[in-house]
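Read the figures in this text as sums done on the coordinates, not as results from a lab. If you're wondering where the values come from, they're calculated on a predicted model, not measured in any experiment. Here Cβ is always computed from backbone atoms with ideal geometry, including for glycine, and neighbour counts include all displayed protein chains.
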Amino acid sequence: MTGGAGFIGSHLSERLLEQGNKVFCLDNFNDYYDIRIKRSNIETLLNHPNYQLIDGDILDFSLLNNIFPENKFDTIVHLAARAGVRPSIQEPLLYQRVNVEGTSNLLEMARNHGIKKFIFASSSSVYGKNEKVPFAEDDLVDFPISPYASTKKAGELICYTYHHLFKLPVTCLRFFTVYGPRQRPDMAIHKFTDKIYKGEKLPMFGDGYTRRDYTYISDIIDGICKSIEHCSSYHIYNLGESKTIELKSLIQLIGESLGKEPNVEKLPVQPGDVPITYADITKAKSEINYDPQVNVEEGVKKFVEWYTKNRV
């Protein structure tokens, strides 16, 4: 697994270990956010007999060439990436290198070392300003509006090429705004919770009527595990809750869960932001039995409980 010390990766590692799998975690602990958070995410896993941490970078091709011959991997779950729409606008070349070149490096490893299944973490951002809702996997995604979205679309295309040429089974998963315990501190629900709890001004970009499809971490982990189980040929699946909530309603929901009134600062819409994300999960439900269980009201409450116990 790449990016295995991050928010999603650490939860997935726990689930896979519970299922009796052996997990190799490759992570470079970059400085996108405080590396102590990532170290803490996997602290309880380090002594597990079926868990091995490899501190390294997917751009280090010589490292990959050493790791793969030494181990008999059957599945790659590729979660590592430079994340975030707004930061990608500031550093597009870095995003291109990590997200596109890094993915290509792993696909080469898969081709050369007999990997049986390749799971690629894509993003709902590939849909751009899609006017048709909910978003379905066969919608046109040729007009991404951020470098991050472009790199995820490019990753899907490269994955397809490796499937076509080398018969590599690949599943691409388009995640819709994942949240829950250990969520990255820069992401909306974590950031808003922190601001409201501390009584600080909460920046709200736009009029508050933008809508997002928020997906609780346990549902995403279920979806990834089911995609591993069913991985064959080449498939793309949306993994979302398939419901939306307005930004202003989300802020109010977090405030109610904390028992505090949000101090909202209205700001202009940011470049790269989209007015809505909304997953059509019909395909994932029918083909891999994906069935999200946690609605945003319950999920926010769970996150706030975690935050108040673990805040720094």
For helix 296-310, what angle does its Cα long axis make with the longest principal axis of the chain, in degrees from 0 to 90 and rounded to 10?
90
Can you list which of the trypsin sites (Lys or Arg not before Pro) found in segment 1-109 are DSSP loop residues with at most 11 other C-beta atoms within 10 Å?
LYS72
Contact order normalised by residue count of segment 197-312, Cα under 8 Å, 6+ apart, percent:
42
I'd like the orientation of helix 7-18 relative to the chain: the angle between its Cα long axis and the longest Cα principal axis, in ° from 0 to 90, rounded to 10.
60
10 Å binning of all Cα-Cα separations within segment 158-224, expressed as whole percents from 0 upward:
17, 33, 26, 16, 8, 1
Kindly identify segment 1-118 as rounded, prolate or oblate by the Cα gyration tensor criterion: order the square roots of the eigenvalues as a ≥ b ≥ c, call it rounded if a/c is under 1.5, otherwise compare a/b with b/c, prolate if a/b is larger, else oblate.
oblate
Give the Cα extents of segment 262-308 along the principal axes, in whole Å, largest first.
43, 32, 13
Farthest positive-ward along segment 184-275 dipole, Cα basis, beta-carbon charges - from THR244, HIS230, THR193:
THR193
Where in the chain lies the longest segment free of GluC sites (Glu not before Pro) that are both loop residues by DSSP (not H, G, I, E, B) and have at most 13 other Cβ atoms within 10 Å?
1-130
Measure up LYS243/LYS283; LYS226/LYS309; LYS191/LYS283; LYS38/LYS153; LYS198/LYS309 against 23 Å on the Cα-Cα distance and list the ones that go over.
LYS226/LYS309; LYS191/LYS283; LYS38/LYS153
Residue-wise HN-Hα coupling along segment 68-79, computed from phi with Karplus coefficients 6.51, -1.76, 1.60 (Hz; x: Gly, Pro)
5, x, 7, 10, 9, 7, 10, 9, 10, 10, 9, 9
Going Cα to Cα from LYS22, which aspartates and glutamates come in below 14 Å? Please leave out same-chain ones fewer than 8 positions away.
GLU14, ASP74
Any chance you could give the angle, 0 to 90 degrees and rounded to 10, that helix 247-258 forms with the longest Cα principal axis of the chain?
80
Any idea what the dipole of segment 189-312 comes to, in debye rounded to 20, about its Cα centre with Lys/Arg Cβ at +1 and Asp/Glu Cβ at -1?
400
So if I restrict to the alpha-carbon atoms in the chain, what is the Rg, and what is Dmax, the biggest pairwise distance, in Å?
18.8, 56
For the chain, what is the percent of antiparallel DSSP beta bridges, rounded to the nearest 5?
5
